[in-house]
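Notes follow the structure.
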Amino acid sequence: MAPLFSSDYKIAFEVRPDYLFVWVDLPVNQYNIARQYWTEVVRMIHKRRYTRAAIEISASTALPAAEARLLMDDFLKIIYPGIRIAIVNPHVSDEVRSSVEAAAKKRGRSMKIVDNLTLAEAWLLEDQLNFAPAALDSFVQDLTNQGTVQ
């Protein structure tokens, strides 16, 4: 897992047996930086058609509640239905956890925010998801046609 470097953060992708693991390291989590690394995460998920991903965010702070909800709302619109995403970030408040998880559920996505990778893996792997490949292909094609995913 060799990290990729941006001027504001490091990001690394690792294919694990049952999911994509993403590690993000940054000194301070800010909205504009978070949009950059989440764009990379979503692009990789769509490109390789992962059904499960764990994203470990190593930062000294979490985004403020309003910014976290705005960011996740943007990305929940473009992540295909049925995917399970576990976010590992011990700095996220209970308020943000519950609102982001509820927003994901409302959009037919499964998202869980936890304090450690062990909890993330347990949640990700507790249920095996089955997708109809044609439906997934259609969804990705629609996003590509809209210019959302490249």
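A short reminder: the numbers here are calculations on the coordinates, not readings from a lab. What you see is a predicted model, and the numbers here were worked out from it, not measured in a lab. Neighbour counts are summed over all protein chains in view; Cβ atoms, including those assigned to glycine, are modelled from backbone coordinates with ideal geometry.
Of the options Leu63, Val22, Pro90, report the single residue whose Cα projects farthest towards the positive end of the charge dipole of region 4-146 (beta-carbon charges: Lys, Arg +1; Asp, Glu -1).
My answer, from the dipole projection, is Val22.
Figure the gain on full extension for Ile78 and Lys10 (residue separation times 0.36 nm, minus the Cα-Cα span) and round it to one decimal in nm.
Value of the extension gain: 22.2 nm.
Ranked highest first by the average count of other Cβ atoms within 10 Å around their residues, in what order do 12-19, 107-114, 120-127 fall?
107-114, 120-127, 12-19
In nm, what is the difference between 0.36 nm times the number of residues separating Asn145 and Thr39 and their Cα-Cα distance?
36.4 nm
Each residue of region 30-43 in order: what ³J(HN,Hα) in whole Hz does its phi give by Karplus 6.51 cos²θ - 1.76 cosθ + 1.60, θ = phi - 60°, with x for Gly and Pro?
So the J values, rounded to whole Hz, are 10, 3, 5, 6, 4, 4, 5, 6, 5, 4, 5, 4, 4, 4.
By its C-alpha gyration tensor, with a ≥ b ≥ c as the square roots of the eigenvalues, how is region 1-78 shaped: rounded for a/c under 1.5, else prolate for a/b larger than b/c, else oblate?
Working: a/c = 1.92, a/b = 1.26, b/c = 1.53.
Note, shape of region 1-78 comes out oblate.
How many nm is it between the label spots at Asn116 and Thr61, if each spot is 7 Å from the Cα in line with the beta carbon?
So the label points at Asn116 and Thr61 sit 2.7 nm apart.
Could you tell me which of rounded, prolate or oblate describes region 4-146, using a ≥ b ≥ c as the square roots of the eigenvalues of the alpha-carbon gyration tensor, with rounded for a/c under 1.5 and, failing that, prolate when a/b is larger than b/c and oblate otherwise?
rounded
Would you list, by chain and number, the lysines whose Cα falls below 17 Å from the Cα of Lys47, excluding same-chain residues fewer than 8 positions away?
Cα-Cα hits under 17 Å: Lys77.
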